[in-house]
Structures are given as C-alpha cells and as structure tokens.
Amino acid sequence: MVTRSLTELAAELKGQVLGDGSIVVSDVAGIREALPGDITFIANSRYDAYLDETRASAVICARDTRQTRMPLILVDNPYRAFQQAVRIFRPDRDRPAPGVHPTAVIAADALLGERIGQRCVIVAHGYVGPRVVIGPDTCLYAHVTVREDCVIGARCILHPGVVIGADGFGFALDQGRYHKVPQVGNVIIEDDVEIGANTTIDRATTHSTRVGAGTKIDNLVQIGHNVVIGQHCIIVAQVGISGSTELADHVTVGGQAGLVGHITVGKGAMVAAQSGVTKSVPADTVVSGYPAIPHGPWKRIQAMLQKLPQMFQRLRDVEERVQKLEREDAEERVR
C-alpha cells in the first residue's frame, strides 16, 4: 500500500499544506465517498459545501479556498493535482500485456468460475476482465465487454456490443495540454437491468458508476463516469448523460436527450425526447426542449412558433398601413 504524509504529497504535487502536514493518506476518492485515510479534491465551486462534510483526511483544492477545519493541499490546478495523486496511490492499474491473448474469444467453457454466477450465458467474442463479478441467470450476448473490477447483478441482459467499464472521459488541462486522469473506479449494474446494443457505461474516476435495479436502457446510450441512475428508470436510445449526474428512481429519459454533468433529476421526472437538460429537474415534473423547461410552457411556445409566419405577415400589413397613414398625414399638413 502506498502512503504519503500531506507534507510529502504536497511536495510531489507542487502544493502547499494548510493544516497538519504529518497526516498520512493512502488512497484517493471522490469527496462524497471518501473515508478517513483518503485524499479527495474540489475543482468545482458547487462542491465547496462538502468541505465541512467530507470524511476524507485531506482535500486538494485551489489556492484561494477558504480556511477550514479540514487539512488542505492548495494547488494551482486541483483537477490536475488529483490526477497526479491517483497515479501515486494507484500505480498498479491493470494494463493488458502486448499481443492478442489466445483466450480472447470466450466460448461456452467460460461459464464456469468462482466469480461467475450459476446459469450465466456468455456468448462468443465476449470479454470478461479480471475481478469481474456476474450474478446468476445473467446473459451477455456477442461482443459484450465487461472490464476489470465491474459488477453485474442477477438476471441482467446485455445486448451485443455493450461496453461496461471503459475509461471515463477525464482529462486535466495544464499549460495548454490535456493530461489523462486515471479512471480507477468501477461500474456496478444492479439486478434485473437490461442494456441495449452498443450502449457504453464508463467506469468512475473513483468509487462507482451505478445503474439501479430494474432499470432498462435502450441501444446507443452513453453514460459518463460517476453517473448514478436509480431503480426502475427508462432511458431511450441515443441518450447522453454526462459525468456525475444523478437520476433518482423511476425517471424516464426520451430518445436523443442530453443531460449535462453534475445535475440531479428527481424521482418520477420525465425528460422529453431531444431535450437538452442544463440544470437540475425537480421530482415528478416533465421537461422538454433546449434548454429544457417545464413541458406546459414549452408546448405553448411550440404552438406560437407554428403561427410565426402568419403573425409576421400580419405585422408587415400593419406596418404598411401605418406608413400609408403617415404619408397621408404628411401630405395633408403640406396642404
């Protein structure tokens, strides 16, 4: 296990300790999931409130962060520094050896194993990585990939081409260059989830990307790192959900909708097809359009848009009448 005192870690990150530099940390985690012994980070001001709530032993944050009871490492670029910290504490991240492994095609004999549940079916050309756990009665169709450390529950169905646990899209910008942030979390798919063809669910930066029990996901859906989807949700084809967004239970997202990162969608809410959701959605509401607004006002706006050509023509007619009256009035004054 790799350990560092805050003083040692700050030196490696080119930062400054604010607080007790002798505190020892041994792992990295997100600010809400962190435990004593972990170091976490804040790179977005919307998470500042967690400074007083996190259980982490220390926080990496910007140099202008307010003083708090929590020991801090102050740096110029918290996200970049966290990326470096991940590499320090997780140096043994699995990387496949060069070449093509002779067992890359998984046949029927791959159904047996300590971590693969009873009555599972893994169709040809699937891939199941190290330390993956798959519950009983789950079916992985052709060309499904489940990467290392991910967990698939019982009675799940993953259709052809599904990828579980690819790296999340995380890059830290520093001096004009992007640096890959290691994605050291996993994906947890709970029981009775069905995932459509060619859908991708990225692993978390730390902790877990999670899909709740009973949720059904259509084809060609992209779910970003650290997304949390509640139970019994419906996500229709070509939806994109950006990192760290959370959906409560029984949420429905229509086809081709897009959700920005770091927002929440409340229980029972519905997002209409092709909507662009840019802020959090309350429970039991329906939103539509881009940017997404409550469905009632959106329908009225759409109804008005259909009448714009006629309204424009009427406006032109009124302008012409006014201009005619102004000319007649001017001529009358000249007389």
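Only the coordinates and a few stated rules stand behind these numbers; no lab work does. Worth saying up front: this structure is predicted, and the values here are computed from it rather than measured. When we count neighbours, we look across all protein chains shown, and the Cβ atoms used for this are built from the backbone with ideal geometry, even at glycine.
Values as computed for the structure displayed
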| quantity | calculated |
| --- | --- |
| Where Val211 falls short, out of the listed (1) among the hydrophobic types (A, V, I, L, M, F, W, C); (2) in contact with a Leu (Cβ under 8 Å, 6 or more places away or on another chain); (3) closer than 30 Å to Ala56 by Cα | (2) |
| Scope the stretch 223-251; condition surrounded by fewer than 17 Cβ atoms within 10 Å (Cβ to Cβ) and in contact with a strand residue (DSSP E or B) (Cβ under 8 Å, 6 or more places away or on another chain); matching residues | Ile234, Gly240 |
| Residue that is nearest to Pro160 (Cα to Cα) [pool: residues in the stretch 114-129 that are out of contact with any Lys or Arg (no Cβ under 9 Å at 6 or more places or on another chain) and loosely packed, with under 15 Cβ neighbours inside 10 Å] | Ala124 |
| Flag for Ser280 being among the small types (Gly, Ala, Ser), over 27 Å from Val146 (Cα atoms) and crowded, with 20+ Cβ neighbours inside 10 Å | no |
| Residues that are under 21 Å from Tyr178 (Cα atoms), surrounded by 21 or more Cβ atoms within 10 Å (Cβ to Cβ) and touching a helix residue (DSSP H, G or I) at 6+ places or on another chain (Cβ under 8 Å), drawn from the stretch 41-78 | Phe41, Ile42, Ile60, Cys61, Val75 |
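Rundown of residues vs (1) in contact (Cβ under 8 Å) with a residue 12 or more places away in the chain; (2) surrounded by 19 or more Cβ atoms within 10 Å (Cβ to Cβ), yes/no style:
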position	(1), (2)
Gly165	yes, yes
Phe171	no, no
Val184	yes, yes
Glu190	yes, yes
Gly196	yes, yes
Thr200	yes, no
